[in-house]
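The structure under discussion appears below in the form of structure tokens.
The values are calculated or read from the model by the stated rules, or taken from the named source; none is laboratory data. All values reported here derive from a predicted model rather than from experimental measurement. Note that each Cβ is placed from the backbone with ideal geometry, even for glycine, and that neighbours are counted across all protein chains shown.
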6 protein chains.
Amino acid sequence: MLAHWCDEVIAYDGSQLRAHWLLQRFDMAGDAIVGFRGPCSVRRDEIADLADIDGPGIAADDMVHFVWEAFEHPDLLLATHRQRLLAAQAAEVLRELAPAGTVTRTGDDLFVGDGKLSISIATVTPVSALIHFAVNSTPGGAPVAIATLAELSVDPARFGARVLQRVIDEQRSIRAARAKVRAKGEWS
Amino acid sequence: MLAHWCDEVIAYDGSQLRAHWLLQRFDMAGDAIVGFRGPCSVRRDEIADLADIDGPGIAADDMVHFVWEAFEHPDLLLATHRQRLLAAQAAEVLRELAPAGTVTRTGDDLFVGDGKLSISIATVTPVSALIHFAVNSTPGGAPVAIATLAELSVDPARFGARVLQRVIDEQRSIRAARAKVRAKGEWS
Amino acid sequence: MLAHWCDEVIAYDGSQLRAHWLLQRFDMAGDAIVGFRGPCSVRRDEIADLADIDGPGIAADDMVHFVWEAFEHPDLLLATHRQRLLAAQAAEVLRELAPAGTVTRTGDDLFVGDGKLSISIATVTPVSALIHFAVNSTPGGAPVAIATLAELSVDPARFGARVLQRVIDEQRSIRAARAKVRAKGEWS
Amino acid sequence: MLAHWCDEVIAYDGSQLRAHWLLQRFDMAGDAIVGFRGPCSVRRDEIADLADIDGPGIAADDMVHFVWEAFEHPDLLLATHRQRLLAAQAAEVLRELAPAGTVTRTGDDLFVGDGKLSISIATVTPVSALIHFAVNSTPGGAPVAIATLAELSVDPARFGARVLQRVIDEQRSIRAARAKVRAKGEWS
Amino acid sequence: MLAHWCDEVIAYDGSQLRAHWLLQRFDMAGDAIVGFRGPCSVRRDEIADLADIDGPGIAADDMVHFVWEAFEHPDLLLATHRQRLLAAQAAEVLRELAPAGTVTRTGDDLFVGDGKLSISIATVTPVSALIHFAVNSTPGGAPVAIATLAELSVDPARFGARVLQRVIDEQRSIRAARAKVRAKGEWS
Amino acid sequence: MLAHWCDEVIAYDGSQLRAHWLLQRFDMAGDAIVGFRGPCSVRRDEIADLADIDGPGIAADDMVHFVWEAFEHPDLLLATHRQRLLAAQAAEVLRELAPAGTVTRTGDDLFVGDGKLSISIATVTPVSALIHFAVNSTPGGAPVAIATLAELSVDPARFGARVLQRVIDEQRSIRAARAKVRAKGEWS
């Protein structure tokens, strides 16, 4: 699995959550995750979560985004578990970088107090599974009350790099663990 | 998915991590997780993790155990993700119950400082996937330096019930999320 | 799995056999089946069965419809087995409600004598499996010789509710049976 | 898929429900179903259904047995659906051969009035899925009240051949149907 | 699995690599492979391999084509393995028909010296897996240096029939082998 | 995926074709293939291919062995395709190293004229898929007429290293190809 932090600003509008965007934008073939910073304004026809279709919109002026495409095991149930684990990992990184902050996770969402810190979705394409996870970097542009990395005094690029590393490490460790376990039989 | 906190003490020796133990001990049929308190001493022939076979042994005098058997999607890769998420969930519960403590997660292990707080394994049987996750409750009996719920001033039964509820809630929310997402197409 | 009998008349044109129709029409998230009464006239571009594309058309003035969407195990081969079982279940219900009638099943079709009583299809979407099964309620509007619930003196709503209950019960019993069986080994 | 009616009497003790028994007994390689007549007395260690372990025993003096081994899609959930469909098929055959009889199906069991006509189990091996389904032929030897083909005046061999043909035909038709259906998209 | 050599010339433009083309063109339902001769000029919007999108184009005046659609196990990873095996099989047939030639395989491509003899792709549809494999028959029309059956003095129809037979035979033998193997346990 | 050529002689008796042998012998975790030289004498209880159980035995004094364990996609049908591709790859390597020889492949067997050059099996464990493929190095010890690398003047270690490299390269290229292909739709 490959990981990359992109220093260029990319305006996320949901169309990036498509099969092979990582291949065509970054020339990364196979399971990969990329992080970058940029504004967010998801076009209605690109919204994957039907619970959000008639909501207040998905937008913010400045976020740290992660886009993960998985080809090896493109199952939606697995992707949803990976998405939850990614949210938990991001919270763990924030506790390292901002020990005084109190980040909590509810499903795939992170909060600081009542402020929503993140947005996320897991979905599939005909050839892969996709995860988008993004954290507000500085205030502005969101249709709901948000929290930001700025108020936690966390540097966005440092946060991004740390999350990418944690995802790569954990996926490697999951694969190793899966290959070192022997099966069990029937209770009797 | 069913959950149950068992008030009776059960001595965990690894044989409980077998197909249908939950069915025969608790009459729970289908995907289920049970929590209970008891000593731990895993017999060598019941050790599933080959990395532990020649280790110092898996033992402690008093732990809070969780045994989870899944029939609906008995895939080992998925089970390993669920195991990691379970460790993250347990850490989140501990942060709620002991805000002053600093619990960290490394893969499927929890730590308080250098003290190992938990043990865990995910494996499969011919008909199901199995997860064991256990947290030290009070000191004693472990072959390595451990941390315990006692030093965090966390009540074992309260911790157990809270973790069970979180697992049930999160699995329900994962299933709902998976059923509310629409697929995406190809980047172009 | 959820079930619902909708008292409102819905004109079925095939577009209902789409991902998330049950979610958006009935706010049912996850595996679900809904029954309702209404005319049937499947638009050519909504026909899923290629064997029907150049046929006489799929239409009738008054049918009892069932639409089943499955997210948990969205496999087409499994869906086709569920479809056949659904046809068998419907025939069993009719034998209870109209013991004097002689309903026979050929694949996914039910007949009373030479009259075709039902239509059906199982297919997939990128996120789910779908089954449509419908039984003629009163005569009229069909391009082929049909049989109807009316000539069996079976009340449509009673039939619909009975079928829904049987599907729910059988799926629950299948899941329980699957979780209570131990594996077998090799002949020697 | 292959089918064979074996004219020789075979005493069924549960050990036949093992991987590759059909290969070694009948030289049939691949997905196959065999029917035969014989007494039934399942050894406790060969019982696959844990719900039966502490029951009255599984036995009868004279049954028509079917053993089905599937390698192509050896999934237990699918096998359980096939088992239910097999029970429904057997009931349909009985309605053809004994129109005056009133055979009812409850899950994987057939009844004539209160008399239990059949036994059944679906399970897996490390390489395949297995189904056993058997119908009482003549009375005697059962630990519960049973019904028999004899009281329905149905010839066992004729019944067996008819069921085998129906299974083969339906599996062929399921495969053809699965290959003739086009996918559907998202509701909008 | 069905196989058919079509004597009619068909101009391949990539649209043939679609779900159910074999069904509608040749009335073949289920897993099937068809061979035919014809020019090749793949329309850009029908190119499945993203590595070819900005390439010199996929074209030649006269090729032997194979189109394989698989419904039973429509997994893309398996299809890619089948594609590689198909390339190896074609090379083996050429060694039989033209022992003096030196055909080499690199991935899914065949070469004679530096001349590219073949093109190929494996992909999926929502209901199936698809493979296209084609070998240059006579020179002309290609945007790169090619080799041809003509320079190997191999008759196209004879080659086509031989490859089809080999695919059918090998798939049958793979299914038989898969059904005759018993599982192994754990090293200890 | 990892590959390793082991210079030490290992006597292959079939017990090496067990889950986690590569982990415990070579400390290789995850998908891996190892090559080594040694005598072969498969114990009857370790024979996985039931077609060989009553055969002349599986033995030779000096072979080049390959043992491949796959955890990522432990499906038996896929493993059987990989096994066939491995046989084809070995033949391709031999054509490079011994251009004058005429190695032919029939299923998973290689031949030089009438002499059987290789043996092979693909099977599964509860946690992985396994492939054994071995080629006779020097004559002696076999119960059937064999061909050897010696008569092709091929150095065993050079052959082994070349095959390992080809397997690694092809698996990498398969994964890349699978991740670069876009899906196709329905023919219309």
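Being outside any loop (DSSP other than H, G, I, E, B), at the interface with another protein chain (Cβ under 9 Å from one of its Cβ atoms) and buried (at least 23 other Cβ atoms within 10 Å of the Cβ) narrows it down to one residue among D:84, D:105, D:95, D:175; which is it?
After ruling out the rest, the residue left standing is D:84.
How about the range B:139-168: which of its residues are over 23 Å from residue B:1 (Cα atoms) and in a helix (DSSP H, G or I)?
B:150, B:151, B:152
If I ask for residues that are assigned to a loop (DSSP other than H, G, I, E, B) and either within 14 Å of chain F (Cβ to nearest Cβ) or at pLDDT 95 or above (or both), which ones from the range A:109-138 would you list?
A:117, A:125, A:126, A:127, A:128, A:137, A:138
Need the failing condition index for residue F:175 against (1) without any contact (Cβ under 8 Å) to a residue 12 or more places away in the chain; (2) more than 30 Å from residue B:125 (Cα to Cα), just the number.
In the conditions (1) without any contact (Cβ under 8 Å) to a residue 12 or more places away in the chain; (2) more than 30 Å from residue B:125 (Cα to Cα), residue F:175 misses (2) alone.
Report yes if residue F:79 is away from chain E (no Cβ under 13 Å), of a type in the set (Gly, Ala, Ser) and either within 15 Å of residue F:131 (Cβ to Cβ) or in contact with a strand residue (DSSP E or B) (Cβ under 9 Å, 6 or more places away or on another chain) (or both), otherwise no.
No: the conditions fail for residue F:79.
Within the range A:1-56, track down each residue that is among the basic types (Lys, Arg) and either at the interface with another protein chain (Cβ under 8 Å from one of its Cβ atoms) or without any contact (Cβ under 8 Å) to a residue 40 or more places away in the chain (or both).
Matches in the range A:1-56: A:18, A:25, A:43, A:44.
Looking for whichever is surrounded by 22 or more Cβ atoms within 10 Å (Cβ to Cβ), away from chain B (no Cβ under 14 Å) and either of a type in the set (Lys, Arg) or farther than 30 Å from residue D:45 by Cα (or both) here; the options are C:157, C:90. Which one fits?
C:90
Could you pull out the residue among A:128, A:118, A:137 that is within 22 Å of residue A:24 (Cα to Cα), buried (at least 22 other Cβ atoms within 10 Å of the Cβ) and hydroxyl-bearing (Ser, Thr, Tyr)?
When all the criteria are applied, what remains is A:128.
Taking the range D:60-81, which residues are in a loop (DSSP other than H, G, I, E, B) and under 21 Å from residue C:82 (Cβ atoms)?
D:72, D:73, D:74, D:75, listed by residue number.
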